[in-house]
Amino acid sequence: MVIAEDSVLLREGLTRLLTDLGHEVVAGVGDGEALVETVAGLAEEGALPDVVVADVRMPPTHTDEGVRAAVRLRKEHPGLGVLVLSQYVEEQYATELLAGSSRGVGYLLKDRVAEVREFVDAVVRVAGGGTALDPEVVQQLLGRSRQQDVLANLTPREREVLGLMAEGRTNSAIAKALVVSDGAVEKHISNIFLKLGLSPSDGDHRRVLAVLTYLKS
């Protein structure tokens, strides 16, 4: 993986954390331009990383260089997972990042990094093509989405299940959070797929497509 963070202390800390847990960090950079150039160089060598972890705000203006680089990388390298870190929920950036490919994307608040297991699980999930969205990001984006007609047929419980799916939780984790059986969760998810028009032919992607339909509606 490649880590893009202008704070040397945080960048080195993340690198040490991930390598100590058995993950390979091939490069660490301090700005968006360097991130794009580094990934391009690795791709040319046939060594495209599984995932990049990038801060939303990086030099020179510390506004949106990181997320712009992330969006660009998702377009140029569809197989690359992208996990961005932000100090606050920035709806515009989150929406833009989610507007492209439906696989391998994450948006976490930096406070989540302190939860080591959750953070590392998110990195692994995004690297594997899944999603990892901070609960606060989900809450804000779903709050905006609740008035949309495409979601009108979902029950409150189905919305709740979909919100937990957006956080990247497994069926068992959702069942535990809602204090229901795994079978009940599976039934809710099947109903969600049906109501959002996602057919079985969409395969495993249906889970991600359902989440993105919810967030982008």
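The values are calculated or read from the model by the stated rules, or taken from the named source; none is laboratory data. Note that this is a predicted model, so its numbers are computed, not measured. When we count neighbours, we look across all protein chains shown, and the Cβ atoms used for this are built from the backbone with ideal geometry, even at glycine.
Summary of computed values
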| quantity | calculated |
| --- | --- |
| Qualifying residue in segment 88-110 (condition: under 17 Å from residue 19 (Cα atoms) and surrounded by fewer than 16 Cβ atoms within 10 Å (Cβ to Cβ)) | no |
| Long-range neighbours under 6 Å by Cβ, at least six apart or interchain, first residue assigned to a strand (DSSP E or B) within segment 17-44, second surrounded by 14 or more Cβ atoms within 10 Å (Cβ to Cβ) and among the hydroxyl-bearing types (Ser, Thr, Tyr) | 27/38; 28/15; 29/38 |
| Segment 160-188 - residue that is touching a strand residue (DSSP E or B) at 6+ places or on another chain (Cβ under 7 Å) and not in a helix (DSSP H, G or I) and, of those, surrounded by the most Cβ atoms within 10 Å (Cβ to Cβ) | 168 |
| Residue in segment 1-56 that is surrounded by the fewest Cβ atoms within 10 Å (Cβ to Cβ), counting only those that are farther than 26 Å from residue 88 by Cβ and touching a Gly at 6+ places or on another chain (Cβ under 7 Å) | 48 |
| Any hit, segment 161-177, residues being among the hydroxyl-bearing types (Ser, Thr, Tyr), at pLDDT 90 or above and either over 17 Å from residue 103 (Cα atoms) or over 22 Å from the mean Cα position of the chain (by Cα) (or both) | yes |
| Subset of segment 45-89 [assigned to a loop (DSSP other than H, G, I, E, B) and either at positive phi or aliphatic (A, V, I, L, M) (or both)] | 46, 47, 48, 56, 58, 62, 80, 89 |
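One line per residue, one yes/no per condition, for (1) more than 24 Å from residue 130 (Cβ to Cβ); (2) outside the structural domain of residue 124 (by TED's automatic domain parsing); (3) under 16 Å from the mean Cα position of the chain (by Cα):
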site	(1), (2), (3)
7	yes, no, no
15	no, no, no
18	no, no, no
26	no, no, no
42	no, no, no
58	yes, no, no
84	no, no, yes
